[in-house]
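Student: One structure, as C-alpha coordinates, below. Some questions next.
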Amino acid sequence: QADTAMYRAKESGRNSISFFKPAMQAAADRRLTLEKEMRRALQEQQFVLHYQPQVNDEPRVVSAEALIRWQHPEKGMISPAEFIPLAEDTHLILPIGAWVLHETCRQIKAWDEQGHKIDHVAVNVSSRQFRQAGFVQQVRQALLDTGVNAKRLVIELTEGCVIEHIDDTIAKMHALQAMGVRISIDDFGVGYSSLSYLKSLPLSQLKIDQSFVRHINDPNAAVIVETIIMMTKSLGLNVIAEGVEEQAQIDFLKAKGCSFYQGYYYGRPVPADAFKFSL
Ligand code: C2E
Ligand code: MG
Ligand code: MG
Ligand code: MG
(Lines give C-alpha, C1' and ligand atoms only; values in the text may rest on other atoms or scores of the structure.)
(Ligands and ions follow the chains in the order given, each with its own letter.)
Protein backbone atom coordinates (compact mmCIF):
# COMPACT_ATOMS: atom_id res chain seq x y z
CA GLN A 1 0.00 0.00 0.00
CA ALA A 2 2.83 2.38 0.86
CA ASP A 3 4.37 1.50 -2.47
CA THR A 4 1.18 2.38 -4.25
CA ALA A 5 0.99 5.76 -2.51
CA MET A 6 4.63 6.44 -3.38
CA TYR A 7 3.99 5.50 -6.97
CA ARG A 8 0.99 7.80 -7.24
CA ALA A 9 2.88 10.64 -5.61
CA LYS A 10 5.77 10.28 -8.04
CA GLU A 11 3.46 9.99 -10.96
CA SER A 12 1.56 13.17 -10.13
CA GLY A 13 4.70 15.26 -10.00
CA ARG A 14 6.50 17.57 -7.63
CA ASN A 15 3.49 19.07 -5.90
CA SER A 16 2.67 15.71 -4.46
CA ILE A 17 5.54 16.17 -2.01
CA SER A 18 2.81 17.60 0.18
CA PHE A 19 1.22 14.17 0.13
CA PHE A 20 4.10 13.00 2.31
CA LYS A 21 4.41 16.13 4.39
CA PRO A 22 3.98 15.01 7.96
CA ALA A 23 1.15 16.46 9.97
CA MET A 24 3.77 17.62 12.45
CA GLN A 25 5.28 19.97 9.88
CA ALA A 26 1.88 21.49 9.22
CA ALA A 27 1.36 21.99 12.95
CA ALA A 28 4.77 23.65 13.27
CA ASP A 29 3.96 26.00 10.38
CA ARG A 30 0.69 26.91 12.01
CA ARG A 31 2.43 27.67 15.30
CA LEU A 32 4.94 29.91 13.58
CA THR A 33 2.19 31.84 11.83
CA LEU A 34 0.21 32.12 15.08
CA GLU A 35 3.29 33.36 16.91
CA LYS A 36 3.88 36.14 14.40
CA GLU A 37 0.21 37.07 14.49
CA MET A 38 0.16 37.00 18.29
CA ARG A 39 2.92 39.62 18.45
CA ARG A 40 0.84 41.85 16.21
CA ALA A 41 -2.35 41.05 18.14
CA LEU A 42 -0.95 42.70 21.27
CA GLN A 43 -0.13 45.92 19.45
CA GLU A 44 -3.43 45.95 17.60
CA GLN A 45 -5.46 45.16 20.71
CA GLN A 46 -7.08 42.02 19.36
CA PHE A 47 -7.27 40.40 22.79
CA VAL A 48 -10.44 40.70 24.79
CA LEU A 49 -11.57 39.46 28.18
CA HIS A 50 -14.83 37.64 28.71
CA TYR A 51 -16.31 37.21 32.17
CA GLN A 52 -18.06 34.19 33.61
CA PRO A 53 -20.23 34.50 36.72
CA GLN A 54 -19.36 32.76 39.99
CA VAL A 55 -22.36 32.09 42.17
CA ASN A 56 -22.87 31.40 45.89
CA ASP A 57 -25.39 28.93 47.28
CA GLU A 58 -28.28 31.39 47.60
CA PRO A 59 -27.73 31.45 44.49
CA ARG A 60 -26.42 34.96 43.81
CA VAL A 61 -23.68 36.21 41.47
CA VAL A 62 -20.80 37.24 43.73
CA SER A 63 -17.77 37.30 41.47
CA ALA A 64 -16.47 36.55 38.00
CA GLU A 65 -13.56 34.91 36.26
CA ALA A 66 -11.83 36.83 33.48
CA LEU A 67 -11.07 34.60 30.48
CA ILE A 68 -9.05 35.81 27.54
CA ARG A 69 -10.09 35.48 23.89
CA TRP A 70 -8.32 36.47 20.72
CA GLN A 71 -10.43 38.22 18.14
CA HIS A 72 -8.41 37.35 15.08
CA PRO A 73 -9.17 39.61 12.10
CA GLU A 74 -9.48 36.65 9.69
CA LYS A 75 -9.76 33.52 11.82
CA GLY A 76 -12.43 34.82 14.16
CA MET A 77 -12.48 34.11 17.88
CA ILE A 78 -9.57 31.92 19.03
CA SER A 79 -9.87 30.19 22.40
CA PRO A 80 -7.12 30.44 25.01
CA ALA A 81 -6.58 26.67 24.89
CA GLU A 82 -5.22 27.26 21.39
CA PHE A 83 -2.88 30.18 21.99
CA ILE A 84 -1.97 30.32 25.70
CA PRO A 85 0.38 27.31 25.51
CA LEU A 86 2.15 28.95 22.56
CA ALA A 87 2.21 32.27 24.38
CA GLU A 88 3.93 30.48 27.26
CA ASP A 89 6.52 28.81 25.00
CA THR A 90 7.38 32.09 23.30
CA HIS A 91 7.27 34.16 26.53
CA LEU A 92 4.59 36.34 24.92
CA ILE A 93 2.55 35.37 27.96
CA LEU A 94 4.49 38.04 29.88
CA PRO A 95 3.10 41.07 28.03
CA ILE A 96 -0.25 39.31 27.49
CA GLY A 97 -0.51 38.46 31.18
CA ALA A 98 0.38 42.01 32.16
CA TRP A 99 -2.40 43.24 29.88
CA VAL A 100 -4.88 40.75 31.43
CA LEU A 101 -4.09 42.02 34.94
CA HIS A 102 -4.43 45.65 33.97
CA GLU A 103 -7.57 45.13 31.89
CA THR A 104 -9.26 43.14 34.68
CA CYS A 105 -8.56 45.89 37.21
CA ARG A 106 -9.78 48.52 34.74
CA GLN A 107 -13.02 46.53 34.33
CA ILE A 108 -13.54 46.20 38.08
CA LYS A 109 -13.22 49.98 38.35
CA ALA A 110 -15.59 50.53 35.41
CA TRP A 111 -18.24 48.23 36.94
CA ASP A 112 -17.86 50.04 40.28
CA GLU A 113 -18.41 53.36 38.57
CA GLN A 114 -21.50 51.98 36.81
CA GLY A 115 -22.84 50.95 40.22
CA HIS A 116 -22.57 47.20 39.66
CA LYS A 117 -21.90 45.15 42.74
CA ILE A 118 -19.30 42.46 42.43
CA ASP A 119 -17.03 41.25 45.22
CA HIS A 120 -14.04 40.33 43.08
CA VAL A 121 -12.77 39.17 39.72
CA ALA A 122 -10.42 36.22 39.33
CA VAL A 123 -7.63 36.21 36.75
CA ASN A 124 -5.62 33.28 35.46
CA VAL A 125 -1.90 33.63 35.85
CA SER A 126 0.30 31.15 34.06
CA SER A 127 3.40 29.66 35.59
CA ARG A 128 5.87 31.61 33.48
CA GLN A 129 4.10 34.85 34.36
CA PHE A 130 4.06 34.07 38.08
CA ARG A 131 7.74 33.04 38.05
CA GLN A 132 9.00 36.31 36.60
CA ALA A 133 10.89 38.42 39.13
CA GLY A 134 8.63 41.47 38.94
CA PHE A 135 5.30 39.67 39.23
CA VAL A 136 4.20 40.99 42.63
CA GLN A 137 5.19 44.51 41.63
CA GLN A 138 3.23 44.11 38.39
CA VAL A 139 0.10 43.24 40.34
CA ARG A 140 0.64 46.17 42.71
CA GLN A 141 1.09 48.51 39.77
CA ALA A 142 -2.08 47.33 37.98
CA LEU A 143 -4.05 47.98 41.18
CA LEU A 144 -2.44 51.38 41.70
CA ASP A 145 -2.89 52.49 38.09
CA THR A 146 -6.58 51.67 38.15
CA GLY A 147 -7.32 52.63 41.75
CA VAL A 148 -8.67 49.19 42.65
CA ASN A 149 -8.47 47.70 46.15
CA ALA A 150 -6.39 44.53 46.30
CA LYS A 151 -9.31 42.68 47.93
CA ARG A 152 -11.14 42.82 44.61
CA LEU A 153 -8.57 40.70 42.81
CA VAL A 154 -8.14 36.94 43.01
CA ILE A 155 -5.25 35.22 41.29
CA GLU A 156 -5.75 31.71 39.96
CA LEU A 157 -2.69 29.51 39.86
CA THR A 158 -2.57 25.84 38.95
CA GLU A 159 -1.25 23.16 41.28
CA GLY A 160 1.71 22.59 38.98
CA CYS A 161 2.67 26.24 39.13
CA VAL A 162 2.42 26.31 42.91
CA ILE A 163 4.56 23.26 43.63
CA GLU A 164 7.39 24.06 41.25
CA HIS A 165 9.93 26.37 42.93
CA ILE A 166 8.02 26.19 46.17
CA ASP A 167 10.20 28.74 47.97
CA ASP A 168 9.56 31.35 45.29
CA THR A 169 5.85 30.44 45.42
CA ILE A 170 5.67 30.90 49.18
CA ALA A 171 7.50 34.23 49.09
CA LYS A 172 5.27 35.62 46.34
CA MET A 173 2.09 34.32 47.92
CA HIS A 174 2.96 35.98 51.20
CA ALA A 175 3.74 39.25 49.45
CA LEU A 176 0.41 39.10 47.60
CA GLN A 177 -1.45 38.20 50.77
CA ALA A 178 0.17 41.12 52.59
CA MET A 179 -1.15 43.39 49.84
CA GLY A 180 -4.63 41.89 50.22
CA VAL A 181 -4.75 39.91 46.98
CA ARG A 182 -6.27 36.46 47.35
CA ILE A 183 -5.10 33.25 45.70
CA SER A 184 -7.10 30.37 44.34
CA ILE A 185 -5.78 27.04 43.08
CA ASP A 186 -7.32 26.32 39.70
CA ASP A 187 -8.10 22.86 38.28
CA PHE A 188 -7.55 21.39 41.71
CA GLY A 189 -7.32 17.61 41.95
CA VAL A 190 -5.73 16.88 38.59
CA GLY A 191 -2.21 17.64 39.78
CA TYR A 192 0.25 15.45 41.53
CA SER A 193 0.33 17.45 44.69
CA SER A 194 0.47 15.99 48.12
CA LEU A 195 -2.13 17.73 50.17
CA SER A 196 0.10 18.42 53.12
CA TYR A 197 1.81 21.44 51.56
CA LEU A 198 -1.50 23.27 51.26
CA LYS A 199 -1.58 23.93 54.99
CA SER A 200 1.53 26.04 54.81
CA LEU A 201 0.37 28.26 51.93
CA PRO A 202 -1.61 31.47 52.28
CA LEU A 203 -4.48 30.37 50.03
CA SER A 204 -8.06 31.50 50.08
CA GLN A 205 -9.74 29.11 47.68
CA LEU A 206 -9.54 25.79 45.88
CA LYS A 207 -11.28 25.37 42.58
CA ILE A 208 -12.44 21.81 41.89
CA ASP A 209 -11.48 20.84 38.37
CA GLN A 210 -14.38 20.52 35.97
CA SER A 211 -13.45 16.96 35.00
CA PHE A 212 -14.62 15.77 38.45
CA VAL A 213 -17.82 17.77 38.20
CA ARG A 214 -18.53 16.36 34.75
CA HIS A 215 -18.09 12.79 35.97
CA ILE A 216 -19.70 13.22 39.34
CA ASN A 217 -21.83 10.10 38.72
CA ASP A 218 -18.65 8.09 38.66
CA PRO A 219 -18.03 6.92 42.25
CA ASN A 220 -14.30 7.65 41.95
CA ALA A 221 -14.90 11.25 40.90
CA ALA A 222 -17.54 11.63 43.60
CA VAL A 223 -15.13 10.47 46.30
CA ILE A 224 -12.44 12.86 45.11
CA VAL A 225 -14.89 15.78 45.09
CA GLU A 226 -16.10 14.87 48.58
CA THR A 227 -12.53 14.65 49.84
CA ILE A 228 -11.52 17.97 48.31
CA ILE A 229 -14.51 19.71 49.85
CA MET A 230 -13.87 18.20 53.29
CA MET A 231 -10.21 19.06 53.19
CA THR A 232 -10.88 22.57 51.97
CA LYS A 233 -13.27 23.19 54.82
CA SER A 234 -10.89 21.81 57.42
CA LEU A 235 -8.25 24.21 56.13
CA GLY A 236 -10.71 27.08 56.37
CA LEU A 237 -10.66 27.78 52.63
CA ASN A 238 -13.44 28.48 50.18
CA VAL A 239 -14.23 25.85 47.63
CA ILE A 240 -15.69 26.53 44.20
CA ALA A 241 -16.79 23.93 41.68
CA GLU A 242 -16.01 24.65 38.07
CA GLY A 243 -17.93 23.43 35.03
CA VAL A 244 -21.36 22.98 36.60
CA GLU A 245 -23.87 22.39 33.80
CA GLU A 246 -26.71 20.58 35.55
CA GLN A 247 -28.86 21.07 38.61
CA ALA A 248 -28.07 17.52 39.73
CA GLN A 249 -24.37 18.37 39.91
CA ILE A 250 -25.10 21.43 42.03
CA ASP A 251 -27.37 19.39 44.33
CA PHE A 252 -24.62 16.82 44.88
CA LEU A 253 -21.94 19.46 45.46
CA LYS A 254 -24.17 21.41 47.81
CA ALA A 255 -24.98 18.29 49.83
CA LYS A 256 -21.23 17.72 50.24
CA GLY A 257 -20.69 21.28 51.48
CA CYS A 258 -19.56 23.17 48.40
CA SER A 259 -20.46 26.84 48.55
CA PHE A 260 -19.53 28.43 45.21
CA TYR A 261 -20.23 27.41 41.63
CA GLN A 262 -19.14 28.39 38.17
CA GLY A 263 -20.38 26.87 34.94
CA TYR A 264 -22.64 27.07 31.93
CA TYR A 265 -25.62 26.27 34.17
CA TYR A 266 -25.35 29.80 35.60
CA GLY A 267 -23.74 31.52 32.65
CA ARG A 268 -21.13 31.29 29.93
CA PRO A 269 -18.20 33.67 29.66
CA VAL A 270 -19.46 36.86 27.97
CA PRO A 271 -18.06 40.30 27.11
CA ALA A 272 -18.12 42.75 30.03
CA ASP A 273 -21.10 44.69 28.66
CA ALA A 274 -23.19 41.50 28.47
CA PHE A 275 -22.35 40.33 32.01
CA LYS A 276 -25.42 39.72 34.17
CA PHE A 277 -25.02 40.71 37.82
CA SER A 278 -28.15 38.86 38.87
CA LEU A 279 -29.50 35.49 37.81
P1 C2E B 1 -9.69 27.67 33.43
O2 C2E B 1 -9.05 28.81 34.11
O3 C2E B 1 -9.80 26.41 34.18
O4 C2E B 1 -11.10 28.23 32.97
C5 C2E B 1 -12.27 27.49 32.90
C6 C2E B 1 -12.58 27.07 31.50
O7 C2E B 1 -13.73 26.24 31.51
C8 C2E B 1 -12.93 28.23 30.57
O9 C2E B 1 -12.52 27.88 29.25
C10 C2E B 1 -14.46 28.25 30.65
O11 C2E B 1 -15.06 28.86 29.54
C12 C2E B 1 -14.75 26.77 30.71
N13 C2E B 1 -16.03 26.49 31.36
C14 C2E B 1 -16.61 27.15 32.37
N15 C2E B 1 -17.78 26.57 32.71
C16 C2E B 1 -17.93 25.52 31.90
C17 C2E B 1 -18.98 24.51 31.75
O18 C2E B 1 -19.98 24.50 32.45
N19 C2E B 1 -18.78 23.57 30.80
C20 C2E B 1 -17.67 23.56 30.00
N21 C2E B 1 -17.57 22.59 29.09
N22 C2E B 1 -16.68 24.48 30.11
C23 C2E B 1 -16.82 25.44 31.04
P24 C2E B 1 -11.72 28.89 28.35
O25 C2E B 1 -12.25 30.27 28.51
O26 C2E B 1 -11.65 28.31 26.98
O27 C2E B 1 -10.28 28.88 29.00
C28 C2E B 1 -9.48 27.73 28.99
C29 C2E B 1 -8.24 27.89 29.83
O30 C2E B 1 -7.37 28.87 29.25
C31 C2E B 1 -8.50 28.39 31.24
O32 C2E B 1 -8.93 27.32 32.05
C33 C2E B 1 -7.14 28.91 31.61
O34 C2E B 1 -6.29 27.87 32.00
C35 C2E B 1 -6.65 29.49 30.30
N36 C2E B 1 -6.89 30.94 30.28
C37 C2E B 1 -8.01 31.63 29.99
N38 C2E B 1 -7.81 32.95 30.11
C39 C2E B 1 -6.52 33.12 30.50
C40 C2E B 1 -5.70 34.26 30.79
O41 C2E B 1 -6.13 35.42 30.76
N42 C2E B 1 -4.41 34.01 31.15
C43 C2E B 1 -3.90 32.75 31.23
N44 C2E B 1 -2.63 32.58 31.59
N45 C2E B 1 -4.66 31.65 30.97
C46 C2E B 1 -5.94 31.83 30.61
MG1 MG C 1 -9.22 29.66 35.88
MG1 MG D 1 -10.15 25.66 35.94
MG1 MG E 1 -7.86 24.89 33.04
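The values are calculated or read from the model by the stated rules, or taken from the named source; none is laboratory data. A quick note: this is a predicted structure, and the numbers were derived from the prediction, not measured. Using ideal geometry, Cβ is built from the backbone for each residue, glycine included, and neighbour counts are taken over all protein chains shown. The area values use the complete protein model at the heavy-atom level, side chains included, leaving out ligands, DNA and RNA. Shrake-Rupley method; radii C 1.70, N 1.55, O 1.52, S 1.80 Å.
Student: DSSP beta bridges in segment 62-159, what fraction antiparallel, as a percent rounded to 5?
Tutor: 25
Student: Moving to a separate point now. Roughly what % of DSSP beta bridges within the chain run antiparallel, to the nearest 5?
Tutor: Given both bridge residues lie in the chain, the antiparallel proportion sits at roughly 40 percent.
Student: Order Asp273, Asp209, Asp145, Asp187 by their accessible area, 1.4 angstrom probe, all chains in place, largest first.
Tutor: Asp273, Asp145, Asp187, Asp209
Student: In addition: Could you tally the net charge around His165, taking each other residue with its Cβ under 14 Å from the Cβ of His165, Lys/Arg +1 and Asp/Glu -1?
Tutor: Result for the local shell: -1.
Student: Run the numbers on the chain and let me know its relative contact order in percent, using alpha-carbon pairs under 8 Å that are six or more apart.
Tutor: 18
Student: Let me ask something else. In a Gaussian network model over the chain where Cα atoms closer than 10 Å are linked, find which of Ile108, Ile170, Ile229 has the largest mean-square fluctuation.
Tutor: Answer for the Gaussian network model of the chain: Ile170.
Student: For segment 120-279, calculate the relative contact order in percent as a whole number, restricting contacts to Cα pairs under 8 Å that are 6 or more residues apart.
Tutor: 16
Student: Additional query: Cβ under 11 Å from Pro202's Cβ, Pro202 left aside: what net charge do those residues give with Lys, Arg +1 and Asp, Glu -1?
Tutor: +3
Student: Could I ask something else about it? Counting C-alpha atoms alone, how compact is the chain: give Rg to one decimal and Dmax as a whole number, in angstrom.
Tutor: 21.7, 71
Student: Alpha carbon centre of segment 188-262 versus segment 135-149: separation in Å?
Tutor: The distance from the Cα centre of segment 188-262 to that of segment 135-149 comes to 30 Å.
Student: Further question on the same structure: Taking the dipole about the Cα centre of the chain, with the C-beta of Lys and Arg at +1 and of Asp and Glu at -1, give me whichever of Gln129, His116, Ala81 is farthest to the positive side.
Tutor: Final value for the positive-end residue is Gln129.
Student: Still on this structure, I have one more. Once label points are set 7 Å from the Cα along Cα→Cβ at both Ala110 and Ala81, what is their separation, rounded to one decimal in nm?
Tutor: That separation, rounded to one decimal, is 2.7 nm.
Student: Under 26 Å Cα-Cα from Lys109, which lysines qualify once same-chain neighbours fewer than 8 residues away are excluded?
Tutor: Lys117, Lys151, Lys172, Lys207, Lys276
Student: Calculate what fraction, in whole %, of the accessible area of the chain sits on carbon and sulfur atoms when a 1.4 Å probe is rolled over the protein chains.
Tutor: 53
Student: Where only protein heavy atoms count, and the probe is 1.4 Å, what is the accessible area per residue for the chain in Å²?
Tutor: In whole numbers, the chain has 52 Å² accessible per residue.
Student: What is the local net charge at Ala150, summed over the other residues whose Cβ is closer than 10 Å to its Cβ (Lys, Arg +1; Asp, Glu -1)?
Tutor: Neighbour charge sum, excluding Ala150 itself: +4.
Student: Another question about this same structure. Which three numbers, in whole Å and largest first, are the semi-axes of the equivalent ellipsoid of segment 167-279 derived from its Cα gyration tensor as √(5λ)?
Tutor: Each semi-axis is the square root of five times an eigenvalue, giving 25, 20, 11 Å.
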